[in-house]
Amino acid sequence: MIPEFIKNRIEIKFGKQVRYPKDCEALAVCISNHCNEKISPATLMRLFGLTKNGPNQARLFTLDLIALYIGFDCWEEAVNEDHISDNSYFENIEKIAISGLHKEQIVSVKYSPDRALKIKYLGDNNFLVVESVKSKLQKDDVLKILRLELTYPIVCECVTRNSKSLGKFVGGKEDGIMQLSIDL
(Lines give C-alpha, C1' and ligand atoms only; values in the text may rest on other atoms or scores of the structure.)
Protein backbone atom coordinates (compact mmCIF):
# COMPACT_ATOMS: atom_id res chain seq x y z
CA MET A 1 0.00 0.00 0.00
CA ILE A 2 1.06 3.59 -0.58
CA PRO A 3 1.27 6.29 2.12
CA GLU A 4 -1.91 8.16 3.00
CA PHE A 5 -0.51 11.57 1.97
CA ILE A 6 0.24 10.19 -1.52
CA LYS A 7 -3.29 8.73 -1.72
CA ASN A 8 -4.67 12.17 -0.84
CA ARG A 9 -2.72 13.82 -3.65
CA ILE A 10 -3.88 11.18 -6.13
CA GLU A 11 -7.52 11.63 -5.13
CA ILE A 12 -7.34 15.40 -5.40
CA LYS A 13 -5.83 15.22 -8.88
CA PHE A 14 -8.28 12.46 -9.86
CA GLY A 15 -11.18 14.55 -8.52
CA LYS A 16 -12.77 11.96 -6.24
CA GLN A 17 -12.04 9.42 -3.56
CA VAL A 18 -10.83 5.98 -4.61
CA ARG A 19 -13.12 3.60 -2.72
CA TYR A 20 -14.24 0.96 -5.18
CA PRO A 21 -12.70 -1.22 -7.91
CA LYS A 22 -14.51 0.85 -10.58
CA ASP A 23 -12.71 3.94 -9.21
CA CYS A 24 -9.40 2.14 -9.83
CA GLU A 25 -10.44 1.40 -13.41
CA ALA A 26 -11.16 5.08 -14.08
CA LEU A 27 -7.99 6.16 -12.26
CA ALA A 28 -5.90 3.72 -14.34
CA VAL A 29 -7.21 5.39 -17.50
CA CYS A 30 -6.41 8.88 -16.13
CA ILE A 31 -2.88 7.90 -15.10
CA SER A 32 -2.26 6.13 -18.42
CA ASN A 33 -3.48 9.17 -20.40
CA HIS A 34 -1.45 11.60 -18.29
CA CYS A 35 1.79 9.58 -18.29
CA ASN A 36 1.52 7.82 -21.68
CA GLU A 37 2.18 4.49 -19.91
CA LYS A 38 -0.24 1.74 -18.91
CA ILE A 39 -1.04 0.92 -15.32
CA SER A 40 -3.29 -1.92 -14.24
CA PRO A 41 -6.51 -1.28 -12.30
CA ALA A 42 -5.64 -4.42 -10.28
CA THR A 43 -2.34 -2.83 -9.26
CA LEU A 44 -4.17 0.30 -8.12
CA MET A 45 -6.66 -1.81 -6.17
CA ARG A 46 -3.76 -3.43 -4.30
CA LEU A 47 -2.07 -0.07 -3.67
CA PHE A 48 -5.29 1.44 -2.33
CA GLY A 49 -5.94 -1.60 -0.14
CA LEU A 50 -9.08 -2.68 -2.00
CA THR A 51 -7.87 -6.25 -2.55
CA LYS A 52 -5.56 -8.67 -0.82
CA ASN A 53 -4.52 -10.52 -3.97
CA GLY A 54 -0.94 -10.27 -5.18
CA PRO A 55 2.22 -8.79 -3.68
CA ASN A 56 2.01 -5.89 -1.26
CA GLN A 57 4.94 -4.02 -2.77
CA ALA A 58 4.62 -2.30 -6.15
CA ARG A 59 7.40 -2.20 -8.69
CA LEU A 60 9.46 1.00 -8.77
CA PHE A 61 8.21 1.66 -12.32
CA THR A 62 4.62 1.72 -11.03
CA LEU A 63 5.52 4.00 -8.13
CA ASP A 64 7.36 6.34 -10.52
CA LEU A 65 4.21 6.51 -12.70
CA ILE A 66 2.14 7.47 -9.68
CA ALA A 67 4.70 10.12 -8.72
CA LEU A 68 4.64 11.51 -12.26
CA TYR A 69 0.84 11.65 -12.16
CA ILE A 70 0.88 13.79 -9.00
CA GLY A 71 3.56 16.15 -10.28
CA PHE A 72 6.94 14.67 -9.33
CA ASP A 73 9.78 13.26 -11.42
CA CYS A 74 10.11 10.03 -9.44
CA TRP A 75 8.81 8.16 -6.39
CA GLU A 76 11.70 9.14 -4.12
CA GLU A 77 11.07 12.82 -4.85
CA ALA A 78 7.35 12.47 -4.08
CA VAL A 79 7.95 10.71 -0.78
CA ASN A 80 10.81 12.99 0.29
CA GLU A 81 8.99 16.18 -0.75
CA ASP A 82 6.08 15.48 1.55
CA HIS A 83 8.28 14.44 4.47
CA ILE A 84 10.41 17.58 4.17
CA SER A 85 7.37 19.84 4.09
CA ASP A 86 5.73 18.13 7.08
CA ASN A 87 3.08 16.51 4.88
CA SER A 88 1.81 19.89 3.63
CA TYR A 89 2.20 21.48 0.25
CA PHE A 90 0.62 23.99 -2.07
CA GLU A 91 -0.17 23.07 -5.63
CA ASN A 92 -1.65 25.41 -8.21
CA ILE A 93 -4.39 23.53 -10.02
CA GLU A 94 -7.05 24.34 -12.60
CA LYS A 95 -10.08 22.80 -10.93
CA ILE A 96 -10.91 21.38 -7.53
CA ALA A 97 -13.43 18.58 -7.35
CA ILE A 98 -15.09 19.50 -4.08
CA SER A 99 -16.38 15.93 -3.69
CA GLY A 100 -12.74 14.81 -3.52
CA LEU A 101 -11.81 17.10 -0.64
CA HIS A 102 -11.39 15.82 2.89
CA LYS A 103 -12.78 17.71 5.87
CA GLU A 104 -10.39 20.29 7.33
CA GLN A 105 -8.46 20.74 4.05
CA ILE A 106 -7.53 24.34 3.33
CA VAL A 107 -8.09 25.78 -0.15
CA SER A 108 -6.49 29.06 -1.24
CA VAL A 109 -8.37 31.10 -3.83
CA LYS A 110 -7.16 34.27 -5.56
CA TYR A 111 -9.48 36.28 -7.74
CA SER A 112 -9.52 39.74 -9.28
CA PRO A 113 -9.14 42.46 -8.41
CA ASP A 114 -6.37 41.46 -5.99
CA ARG A 115 -8.55 39.41 -3.61
CA ALA A 116 -7.56 36.27 -1.71
CA LEU A 117 -9.27 33.73 0.54
CA LYS A 118 -8.20 30.74 2.56
CA ILE A 119 -11.17 28.50 3.17
CA LYS A 120 -11.45 25.29 5.21
CA TYR A 121 -13.65 22.49 3.90
CA LEU A 122 -16.39 21.55 6.37
CA GLY A 123 -18.15 18.94 4.23
CA ASP A 124 -21.31 19.03 2.10
CA ASN A 125 -19.89 21.86 -0.10
CA ASN A 126 -19.54 24.15 2.93
CA PHE A 127 -16.36 26.11 3.65
CA LEU A 128 -15.27 28.28 6.56
CA VAL A 129 -13.32 31.45 5.72
CA VAL A 130 -10.10 31.31 7.76
CA GLU A 131 -8.40 34.25 6.03
CA SER A 132 -9.70 37.05 3.81
CA VAL A 133 -7.68 39.69 1.96
CA LYS A 134 -9.54 42.64 0.35
CA SER A 135 -12.73 40.57 0.01
CA LYS A 136 -16.22 41.35 1.22
CA LEU A 137 -16.20 37.85 2.70
CA GLN A 138 -14.94 37.87 6.28
CA LYS A 139 -13.13 35.47 8.57
CA ASP A 140 -15.56 32.89 10.04
CA ASP A 141 -18.14 33.32 7.24
CA VAL A 142 -19.55 29.97 6.11
CA LEU A 143 -19.80 29.59 2.34
CA LYS A 144 -21.76 27.07 0.25
CA ILE A 145 -19.69 26.59 -2.93
CA LEU A 146 -20.53 24.20 -5.76
CA ARG A 147 -17.62 24.90 -8.14
CA LEU A 148 -13.99 25.98 -7.82
CA GLU A 149 -12.37 26.35 -11.24
CA LEU A 150 -9.87 28.75 -12.79
CA THR A 151 -11.34 31.52 -14.99
CA TYR A 152 -14.81 31.04 -13.47
CA PRO A 153 -16.11 33.40 -10.78
CA ILE A 154 -16.22 32.20 -7.19
CA VAL A 155 -19.92 31.68 -6.61
CA CYS A 156 -21.17 31.15 -3.08
CA GLU A 157 -24.75 29.90 -3.19
CA CYS A 158 -25.15 31.08 0.38
CA VAL A 159 -23.01 33.09 2.79
CA THR A 160 -23.74 32.77 6.51
CA ARG A 161 -22.26 35.31 8.93
CA ASN A 162 -22.96 35.11 12.66
CA SER A 163 -25.78 32.58 12.03
CA LYS A 164 -27.48 34.99 9.59
CA SER A 165 -27.84 34.24 5.88
CA LEU A 166 -26.48 37.03 3.68
CA GLY A 167 -27.62 35.38 0.45
CA LYS A 168 -25.58 34.64 -2.66
CA PHE A 169 -22.08 36.06 -3.29
CA VAL A 170 -20.20 36.25 -6.59
CA GLY A 171 -16.55 37.29 -6.68
CA GLY A 172 -14.22 37.75 -9.64
CA LYS A 173 -17.02 38.39 -12.15
CA GLU A 174 -14.64 39.83 -14.76
CA ASP A 175 -11.65 37.45 -14.80
CA GLY A 176 -12.83 34.69 -12.51
CA ILE A 177 -10.58 32.74 -10.17
CA MET A 178 -6.92 33.37 -11.04
CA GLN A 179 -5.26 30.86 -8.71
CA LEU A 180 -6.33 27.75 -6.77
CA SER A 181 -4.22 25.68 -4.41
CA ILE A 182 -4.74 23.07 -1.72
CA ASP A 183 -2.80 22.73 1.50
CA LEU A 184 -2.84 19.06 2.39
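The values are calculated or read from the model by the stated rules, or taken from the named source; none is laboratory data. Source: prediction; values computed, not measured. Virtual Cβ from ideal backbone geometry, glycine too; neighbours counted across all protein chains shown.
Within region 98-105, none of the residues are in contact with a Ser or Thr (Cβ under 8 Å, 6 or more places away or on another chain) and either at pLDDT 90 or above or closer than 30 Å to T62 by Cα (or both). Checking each residue in region 143-165 for being touching a Cys at 6+ places or on another chain (Cβ under 8 Å) and not basic (K, R) picks out L143, I145, S165.
If I filter region 131-145 for residues that are in a strand (DSSP E or B), exposed (fewer than 15 other Cβ atoms within 10 Å of the Cβ) and not basic (K, R), do I get at least one hit? Yes, that holds for at least one residue.
Could you check, for region 166-173, whether at least one of its residues is outside the structural domain of R19 (by TED's automatic domain parsing) and not in a strand (DSSP E or B)? Scanning region 166-173 turns up at least one residue that is outside the structural domain of R19 (by TED's automatic domain parsing) and not in a strand (DSSP E or B). Candidates in region 28-51 are the residues that are aliphatic (A, V, I, L, M), assigned to a helix (DSSP H, G or I) and surrounded by 15 or more Cβ atoms within 10 Å (Cβ to Cβ); of these, the one that is nearest to the chain's Cα centre (by Cα) is I31. Kindly indicate the residue of region 112-130 that is surrounded by 13 or more Cβ atoms within 10 Å (Cβ to Cβ) and part of a loop (DSSP other than H, G, I, E, B) and also modelled with the highest pLDDT among those meeting that condition. Filtering region 112-130 for residues that are surrounded by 13 or more Cβ atoms within 10 Å (Cβ to Cβ) and part of a loop (DSSP other than H, G, I, E, B), the one modelled with the highest pLDDT comes out as N125.
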